Structures are given as structure tokens and as C-alpha cells.
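Colleague: Before I ask anything, here is the structure I am working with.
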Amino acid sequence: MASSKMKYVAVLVLSTLLGAVGQLLFKAGLAQQSMLIPYLIAGLVAYIVSTGFYFFILSRVHLSWAYSLGGLSYIFTVIFANFILMENVPILRWVGVVVIAVGVAFIGLS
């Protein structure tokens, strides 16, 4: 049972990571005066694949567990915004990311 739970966690992490990558690609595509269509299309593809993985998970685990682990997307998005887009992330936002990470860890262990 523990190995199947780890498989579900891995797929959920991948799903939320792809969702955050989609957000990053949307931002990159819309940041220019002329929209960069390839980035927008890649962002949509990332979202579609992410949704497919999420549907797979929902068919196998409790919604309350799966949806709660979706909080990882906030963590990934802030990290991408800071380190890839070079956005300034205030310390209070980092505190929020840590609180979310702790909450996700508690839920993942339950």
C-alpha cells in the first residue's frame, strides 16, 4: 500500500509541477508586447497533460487528499517566478510558502 501511495504522490507532484510550468509559459507568452503564441500553446499543453494526470489520481484516491496536495502548485509557482522570471518575492510570501509546504507535508503523511 505504501508503494502505491508513493506512486500517487509522484503523479500528483508531476501534475502540480506541470500546472506551474503552464503558468510560467503563460506569463512568458504574455510578457511581450506581441504575444508569443508558441509559449501560450505550450502552456495549454502543460495544463492539459496536468489535468490528465489529475484525472488519473482522482479515479484512485480521496478527493480531500488529492486536492490538498494541489497546494504544491503555489510553492512551485512562487519558486519559478522568483528564480526563472526574476520576480521579487517578499519575505512574507516566502513565509506563506513555508506554511503551505508544512501543510502539504502533513496532508501527504495522512
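The values are calculated or read from the model by the stated rules, or taken from the named source; none is laboratory data. Note that this is a predicted model, so its numbers are computed, not measured. For neighbour counting, all protein chains shown are included, and Cβ atoms are generated from backbone atoms with ideal geometry for every residue, glycine included.
Colleague: Looking at the stretch 36-61, I want the residues that are among the hydroxyl-bearing types (Ser, Thr, Tyr) and have a partner that is crowded, with 16+ Cβ neighbours inside 10 Å with Cβ atoms under 6 Å, at least 6 apart or on another chain. Which pairs are those?
Modeller: Once the first residue is among the hydroxyl-bearing types (Ser, Thr, Tyr) and sits in the stretch 36-61, its partners that are crowded, with 16+ Cβ neighbours inside 10 Å give Tyr39/Leu25; Tyr39/Ala28; Tyr39/Gly29; Tyr47/Gly22; Ser50/Ser15; Ser50/Leu18; Ser50/Gly19; Tyr54/Ser15.
Colleague: Then there's this: Condition first: in a loop (DSSP other than H, G, I, E, B) and more than 16 Å from Val97 (Cβ to Cβ). Now tell me which residues in the stretch 57-73 satisfy that.
Modeller: Result: Ser59, Arg60, Val61, His62.
Colleague: So, in the stretch 1-39, how many residues would count as being in a helix (DSSP H, G or I) and either under 17 Å from Thr77 (Cβ atoms) or among the polar types (S, T, N, Q) (or both)?
Modeller: The qualifying residues number 22.
Colleague: I would also like to ask the following. Among the numbered conditions (1) farther than 30 Å from Ser4 by Cβ; (2) β-branched (Val, Ile, Thr); (3) at pLDDT below 95, tell me where Val89 comes up short.
Modeller: The failed condition is (3).
Colleague: Looking for whichever is modelled with pLDDT of 90 or more, under 28 Å from Ser4 (Cβ atoms) and either in a helix (DSSP H, G or I) or over 15 Å from the mean Cα position of the chain (by Cα) (or both) here; the options are Phe76, Phe80. Which one fits?
Modeller: Phe76
Colleague: Any chance the stretch 89-110 includes a residue that's under 16 Å from the mean Cα position of the chain (by Cα) and outside any helix (DSSP H, G or I)?
Modeller: So far as the stretch 89-110 goes, no, none of its residues is under 16 Å from the mean Cα position of the chain (by Cα) and outside any helix (DSSP H, G or I).
Colleague: While we're looking at this one, here's another question. How do the pairs read when you match residues in the stretch 96-110 that are closer than 14 Å to His62 by Cα and in contact (Cβ under 8 Å) with a residue 60 or more places away in the chain with residues anywhere that are part of a helix (DSSP H, G or I) and of a type in the set (A, V, I, L, M, F, W, C), using Cβ under 8 Å and keeping only pairs 6 or more apart or on different chains?
Modeller: Gly108/Val9; Gly108/Leu69
Colleague: Could you figure out which of (1) surrounded by fewer than 18 Cβ atoms within 10 Å (Cβ to Cβ); (2) among the aliphatic types (A, V, I, L, M); (3) touching a Gly at 6+ places or on another chain (Cβ under 7 Å) isn't true of Val104?
Modeller: Val104 satisfies every listed condition except (1).
Colleague: Of everything in the stretch 26-70, what is aromatic (Phe, Trp, Tyr) and surrounded by fewer than 16 Cβ atoms within 10 Å (Cβ to Cβ)? Give them in sequence order.
Modeller: Selection gives Phe55, Phe56, Tyr67.
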